[in-house]
1. So Ile77 clears everything in (1) of a type outside the set (Phe, Trp, Tyr); (2) surrounded by 12 or more Cβ atoms within 10 Å (Cβ to Cβ); (3) under 15 Å from the mean Cα position of the chain (by Cα) except one condition, right? Which one?
2. Looking at segment 1-37 only, could you name the residues that are among the aromatic types (Phe, Trp, Tyr) and under 19 Å from Pro70 (Cβ atoms)?
3. Name every residue in segment 61-80 that is closer than 20 Å to Asp25 by Cβ and among the polar types (S, T, N, Q), in order of residue number.
4. Which condition from (1) surrounded by fewer than 16 Cβ atoms within 10 Å (Cβ to Cβ); (2) modelled with pLDDT under 90; (3) closer than 27 Å to Leu79 by Cα is the one that Phe2 breaks?
5. Is segment 13-36 home to any residue that is buried (at least 17 other Cβ atoms within 10 Å of the Cβ), part of a loop (DSSP other than H, G, I, E, B) and among the acidic types (Asp, Glu)?
6. Against the condition out of contact with any helix residue (DSSP H, G or I) (no Cβ under 6 Å at 6 or more places or on another chain), more than 11 Å from Ile62 (Cα to Cα) and surrounded by 10 or more Cβ atoms within 10 Å (Cβ to Cβ), how does Gly43 come out, does it pass?
Amino acid sequence: MFDKMLGTAVAEGKETIIMGDTNCDFLKRNDHKYVKNTLSSFGLEQQIKDPTRITPQSSTLIDIIATTHPEYVKSSIVLGSPLVTMKL
């Protein structure tokens with residue numbers, strides 16, 4: 001279903017932007033290849049390059065902005081979480 005909708009939008013020449021938490025780590029080359037290959041095959045380029053979730057044990061890039069028109073994206077930034085974990 002996703003492939004079909006994405007294919008229709010791209011075939012009609014519409015600017016397409018996919019945003020959100022994919023639970024697919026874009027920092028790991030082999031993680032969820034299907035998702036990455038699907039976006040790539042329809043000409044979408046991932047704009048976020050830095051980790052979006054950082055813990056003491058790991059860092060991942062699971063929140064994405066992918067677009068068919070990267071020239072319209074002037075810049076992107078990953079903001080730190082305003083939440084602070086505290087020991088009580």
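1. All conditions are met except number (2).
2. Phe26
3. Those that are closer than 20 Å to Asp25 by Cβ and among the polar types (S, T, N, Q): Thr67, Ser76.
4. (3)
5. Yes, the conditions are met somewhere in segment 13-36.
6. Considered against the rule, which asks whether it is out of contact with any helix residue (DSSP H, G or I) (no Cβ under 6 Å at 6 or more places or on another chain), more than 11 Å from Ile62 (Cα to Cα) and surrounded by 10 or more Cβ atoms within 10 Å (Cβ to Cβ), Gly43 comes out as yes.
The values are calculated or read from the model by the stated rules, or taken from the named source; none is laboratory data. In this text, all values refer to a predicted model and were calculated from it rather than measured experimentally. Glycine also receives a Cβ, built like all others from the backbone with ideal geometry; neighbour counts cover every protein chain displayed.
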